[in-house]
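Structure first, commentary second.
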Amino acid sequence: MKRSTAKTYNSSAPEETAGIARRLAKGLSPGSVVALVGPLGSGKTVFVKGMAEALGLPAATATSPTFSIINEYEGDPPLYHIDLYRLEHAEEIAELGLHEYFDAAGIVAVEWAERASGLLPEGTITVTLERTGGGGRKITVSRT
């Protein structure tokens, strides 16, 4: 039986959220998949910016791929930033060929990952971001 572990962090500012992401990203390796879950404006893209920084990319490199759906950031390893916000049907998501990114030698960050729940590989790290009072965030990182 697999054991799931979760750690919760509190963030009071975008810089703190990015810092949590940097610490997580430093422990990732090619093939890692990070599923980002949370409502609009909860800090998912800020989290990916922090991951990009930890991978040696300028934070400004990571922009929301809401309209392009997938942004590829060249690095060592590369970071694949996927945003499923605009996709409403499982068929649309399945047609993206996500498995090709999961099998590539990079790190994958998927925003709105709950829309691809059956497609994410085993071992995916789930990051749930929730807004709290005063502009803060509760960030839960779960590993299975």
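FYI, it's all coordinate maths here, none of it is from the lab. Everything quoted here is computed from the prediction, not taken from an experiment. Every residue, glycine as well, gets a Cβ built from its backbone with ideal geometry; the counts of neighbours run over all protein chains shown.
Here are some notes:
- Spin-label model, residue 114/residue 130: points 7 Å from Cα along the beta carbon direction are separated by 1.2 nm.
- Charges were assigned to the Cβ only: +1 to each Lys and Arg, -1 to each Asp and Glu. The resulting dipole of the chain about its Cα centre is roughly 860 debye.
- Working note: 222 nm ellipticity from helices only, DSSP H runs with n ≥ 4, each -39,500 (n - 2.57), summed and divided by the residues of the chain, gives -6500 deg cm²/dmol to the nearest 500.
- Here the 3J(HN,Hα) profile of segment 39-50, calculated from phi with Karplus coefficients 6.51, -1.76 and 1.60 at θ = phi - 60°, is x, 3, x, 8, x, 4, 5, 4, 4, 5, 4, x Hz, Gly and Pro shown as x.
- For the chain, share of DSSP beta bridges that run antiparallel, in % to the nearest 5: 55 percent
- Placing +1 on each Lys and Arg Cβ and -1 on each Asp and Glu Cβ, with no other charges, gives segment 53-120 a dipole about its Cα centre of roughly 140 debye.
- Sparse-neighbourhood loop sites, GluC sites (Glu not before Pro) in segment 58-107 - DSSP loop, at most 14 other Cβ within 10 angstrom: 74, 88, 95
- Simple spin-label estimate for residue 15 and residue 69 in nanometres, 7 Å along Cα-Cβ: 3.8 nm
- Net lengthening on full extension, residue 142/residue 86 (0.36 nm per residue, minus Cα-Cα): 17.7 nm
- DSSP-loop chymotrypsin sites (Phe, Trp or Tyr not before Pro) across segment 1-79, with at most 13 other Cβ within 10 angstrom: 67
- Among 20, 45, 33 - extreme Cα towards positive end, dipole of segment 1-46, charges at beta-carbon: 33
- Cα gyration tensor, segment 77-144 - rounded (a/c under 1.5), prolate or oblate: prolate
- Remark on the chain: Rg and Dmax equal 14.1, 41 Å (Cα only).
- Gyration tensor verdict on segment 30-86 (Cα atoms; rounded if a/c is under 1.5, prolate if a/b is larger than b/c, oblate otherwise): prolate
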